[in-house]
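> Sharing a structure below in structure tokens format, with a few things to ask.
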Amino acid sequence: MIALSPRLISMLSQPAIEPFYLVQIGASTRLTSYLSELALSDGRVFLPGDLVSLDPPRLSSSVDREAYKISIADPRMEYGAMFESGMVGTLIEVNVGFIDQETKQPELNINNVFTIYKGHIDAVAYQISLDEIGSSVAVITCASPMSNLDMAKPFYTSRDFIRQINADDSSFDQIYEGAGPVQLKWGKV
């Protein structure tokens, strides 16, 4: 259960609640839906970005392949170079903060900001509209928390490879013994 601070409880009990979003991609790219630069109390600085949409957080009672999508307006295709350099697998975090309705200022204390998604980028793409007033939107699809359950990844190794990781590991010593029966001795000697 999330413990709410008294400050956050008072902000959320206001008749009008105005959220802003903070998106961090990797270690260096930080965007906010707020109209100006924001510096959180932990030292991270978020620049105003062209966030078009963020999926709301979803809870599911079944194990499925629920993806989380972030759309960013990118008319000059500035994210294209990042997409080409291999963003898949990069850590991404999405937080939500709130504007204090009394002061009209964003709450920048990290203890009063919620993490609504934290995971890895699963796919990147562009949605390009060729209408008279066209658009170019960078779409980042993030992995669901259960994304690795359906992953099938072969594990190729050899005796020498395992010995580079751990010199005492003998689990792959007889991996290339041919087609005949091999007697493996597992456990303590």
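> Testing the spin-label approximation: label points 7 Å from Cα along Cα→Cβ at residue 125 and residue 5. State their distance in nm.
Distance between the two pseudo-spin positions: 4.0 nm.
> Quick check: net charge around residue 12, other residues with Cβ under 15 Å of its Cβ, Lys/Arg +1 and Asp/Glu -1?
It works out to a net charge of -3.
> Right, next: Quick one: Karplus J couplings for the stretch 68-78, per residue in order, coefficients 6.51, -1.76, 1.60, θ = phi - 60°, nearest Hz, x for Gly and Pro?
Here the 3J(HN,Hα) series is 10, 10, 10, 10, 10, 5, 9, x, 9, 6, 6 Hz.
> Next up: Provide the per-residue ³J(HN,Hα) series for the stretch 17-26, in order, calculated from phi with Karplus coefficients 6.51, -1.76, 1.60 and θ = phi - 60°, each as a whole number of Hz, with x at glycine and proline positions.
Whole-Hz 3J(HN,Hα) from phi for the stretch 17-26: 10, 10, x, 9, 10, 10, 10, 10, 10, x.
> Tell me the label-point distance for the pair residue 71, residue 114, using the 7 Å Cα-to-Cβ offset, in nm and rounded to one decimal.
2.3
> When the accessible area of the stretch 13-112 is split by element with a 1.4 Å probe, what percent falls to carbon and sulfur? Please report the intermediate quantities before stating the final value.
Numbers: 3000 of 5710 Å².
The nonpolar share, carbon plus sulfur, comes to 52 percent.
> Taking 0.36 nm per residue of separation and subtracting the Cα-Cα distance, what length does fully extending residue 141 through residue 78 add? Walk me through the numbers before you get to the answer.
Working: separation 63, 0.36 × 63 = 22.68 nm, distance 1.74 nm.
This chain segment gains 20.9 nm when fully extended.
> Turning to a different aspect of this structure: Take each of the peptides 83-93, 127-137, average the number of other beta-carbon atoms within 10 Å over its residues, and list them starting from the highest. The partial results should precede the final answer.
Numbers: 83-93: 13.9, 127-137: 10.2.
Packing order, densest peptide first, comes out as 83-93, 127-137.
The values are calculated or read from the model by the stated rules, or taken from the named source; none is laboratory data. What you see is a predicted model, and the numbers here were worked out from it, not measured in a lab. In this analysis, Cβ positions are derived from the backbone assuming ideal geometry, glycine residues included, and neighbour counts consider all displayed protein chains. The area values use the complete protein model at the heavy-atom level, side chains included, leaving out ligands, DNA and RNA. Shrake-Rupley method; radii C 1.70, N 1.55, O 1.52, S 1.80 Å.
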